[in-house]
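See below for the structure under consideration.
The values are calculated or read from the model by the stated rules, or taken from the named source; none is laboratory data. What you see is a predicted model; the values in this text were computed from it and never measured. Neighbour counts are summed over all protein chains in view; Cβ atoms, including those assigned to glycine, are modelled from backbone coordinates with ideal geometry. Just the protein is used for accessible areas: all its heavy atoms, side chains included, with ligands, DNA and RNA removed. Shrake-Rupley method; radii C 1.70, N 1.55, O 1.52, S 1.80 Å.
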Amino acid sequence: MKDPCAALAPAITVSLPSSSARSYNIYIKNGLLPKVGELVRSVLPSKKAYVLSDDTVFGLYGETVRNSLAESGFEVYECVVPHGEASKTAENLILFLNRLAHDRITRSDCVIALGGGVIGDLAGFAAAVYLRGIPFVQIPTTLLAMVDSSVGGKTAVDLDEGKNLAGAFWQPSLVICDPDVLATLPADTFSDGCAEVIKYSMISDRALFDKLHSPISSQVNDVIRMCIADKQALVEADETDKGVRQLLNLGHTVGHAIEACSDYTISHGSAVAIGMVIITRAAEKKNICPKGTLTALINLLEAYRLPTKCDFSADALFAVATADKKRDGDHINLVVPYGISDSRLLKVPATEVLEFIKLGLGEG
Ligand code: NAD
Ligand code: GLY
């Protein structure tokens, strides 16, 4: 069937050959927000659309999305939670599930995630478990959500013991990126997204690494497209994160520990930036990557106003990092740079992670 929205934007298509055997489109184009209804209608026959958003994003873009969905014939419902990581909880999950049930949402209706990674993860998890799974659409509004969290189907909420401890793999039916919304993003939040962009360039994308020497803000659509293409390849090869997809965790093993040690006052993007520096310094000291790799990384992170150090001790970071869910028995799959744009998975005994962190903090 001809795609009625084909003229709107060139789409990246994620095709999942594995168990879920399906595909979905990702649209990236300025001015798409008022066309959300049309785009969602082109893939979903739903009667009702339930928008989950946070108070900041909904105040800025809720009306545009609501009107667009209504014009395309959807009965629109809304649930708005406070902004920030503190909303990605089991309590808000239950609250939203109860709202879906109260408003008689069925499997042929849909959830719309309008917001950053917090909203995408929460809405996606609710869609995954409500009635054992209903369709959902990602409308990412932060750079981080556009380049990373809206694609690939990882959904989750945080538990008292740590981030993302309860979740599901549940792929969206559609992803709509309108870079116009980035105009209202606070500078620090934009920088958080830049950390994930730099991550892709350090994993395998040399063309992206070179491109980042000109400001991301001046070429944001291209950068989003390149990051999503990188992620698409990893997700298609390993939807459930058992192998190559784990490369996306570059900087995250230590990064998650930094977030937790700071009581989540250090943002995800900043923690990933510091985590990448720590693992790269350790790799350089162990002669895994050539000298100069660390300086090149730090220069790039600093150009995007990202932090490159923290005050936590190696022991404190180790304790949290080895309790991380990415642990595989007595081993941890660390993502280690072997050079710029050449990161690889290295299965190391959990005890050896302390040595990496000490070297990475400059303690060894
Ligand atoms: P976020 O969703 O909390 O958004 C950051 C802040 O920006 C919020 O205060 C929000 O209200 C505001 N905001 C969002 N869009 C805006 C806009 N266009 N204009 C003005 N303000 C806007 O955080 P985030 O950085 O987008 O996402 C972080 C979350 O994503 C974390 O919970 C992390 O665990 C998760 N994550 C998930 C994946 C995945 O694969 N599922 C990947 C990476 C990160
Ligand atoms: N953000 C990591 C992943 O999607 O696997």
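In this structure LYS35 has an accessible area near 80 Å², from a 1.4 Å probe over the protein heavy atoms. Accessible area per residue for the stretch 218-364 is 41 Å², calculated with a 1.4 Å probe on protein heavy atoms, without ligands, DNA or RNA.
Rolling a 1.4 Å probe over the heavy atoms of the protein chains gives the stretch 15-75 an accessible area of 44 Å² per residue.
Step through the table entries LYS199/LYS291; LYS29/LYS88; LYS199/LYS347; LYS231/LYS358; LYS47/LYS242, compare each Cα-Cα distance with 25 Å, and write down the pairs that go over it. Can you show the working numbers first?
On the way: LYS199/LYS291 19 Å; LYS29/LYS88 28 Å; LYS199/LYS347 20 Å; LYS231/LYS358 30 Å; LYS47/LYS242 37 Å.
Checking Cα-Cα distances, LYS29/LYS88; LYS231/LYS358; LYS47/LYS242 exceed 25 Å.
Each of LYS291 and ASN67 was given a label point 7 Å from its Cα along the Cα-to-Cβ line. The distance between the two points is 6.1 nm. Model label points for LYS347 and ASP180, set 7 angstrom from Cα along the Cα-to-Cβ axis, are 5.0 nm apart.
Under the criterion of Cα pairs below 8 Å and six or more residues apart, the relative contact order for the stretch 89-150 equals 36 percent.
Test of the criteria: in the stretch 158-255, which GluC sites (Glu not before Pro) are in a DSSP loop and have at most 16 other Cβ atoms within 10 angstrom of their Cβ? Before the final figure, lay out the partial values.
Details: sites: GLU161, GLU196, GLU236, GLU239; in loops: GLU161, GLU239.
For GluC sites (Glu not before Pro) across the stretch 158-255 that sit outside H, G, I, E and B with at most 16 neighbouring Cβ atoms in 10 Å, the list reads GLU161.
Nonpolar atom fraction for the stretch 84-123, defined as the carbon and sulfur part of the 1.4 Å probe accessible area, stands at 58 percent.
Measure off, as a whole percent, the carbon and sulfur share of the 1.4 Å-probe accessible area of the stretch 163-307, all protein chains present. Heavy-atom surface of the stretch 163-307 belonging to carbon and sulfur, 1.4 Å probe: 54 percent.
What order do GLU63, GLU71, GLU259 take when sorted by accessible area (1.4 Å probe), most exposed first? Could the numbers behind the result be given before it?
Values: GLU63 120, GLU71 155, GLU259 5 Å².
Putting GLU63, GLU71, GLU259 in descending order of accessible area: GLU71, GLU63, GLU259.
Computed from the Cβ-Cβ distance with R0 of 25 Å, the FRET efficiency linking HIS331 to LYS309 stands at 0.35. Judged by the gyration tensor of its Cα atoms, with axes a ≥ b ≥ c, the stretch 267-337 is oblate; a/c meets the 1.5 cut and b/c is at least as large as a/b.
Would you mind working out the magnitude of the charge dipole of the chain relative to its Cα centre, with +1 at each Lys and Arg C-beta and -1 at each Asp and Glu C-beta, to the nearest 20 Debye?
Details: 34 positive and 43 negative charges, 183 e Å.
Using Cβ point charges on Lys, Arg, Asp and Glu, the chain gives about 880 debye.
Using the alpha carbons alone, the radius of gyration of the chain stands to its Kirkwood radius in an Rg to Rh ratio of 0.97. The overall shape of the stretch 1-152 is rounded: from the C-alpha gyration tensor, with semi-axes ordered a ≥ b ≥ c, the ratio a/c is less than 1.5.
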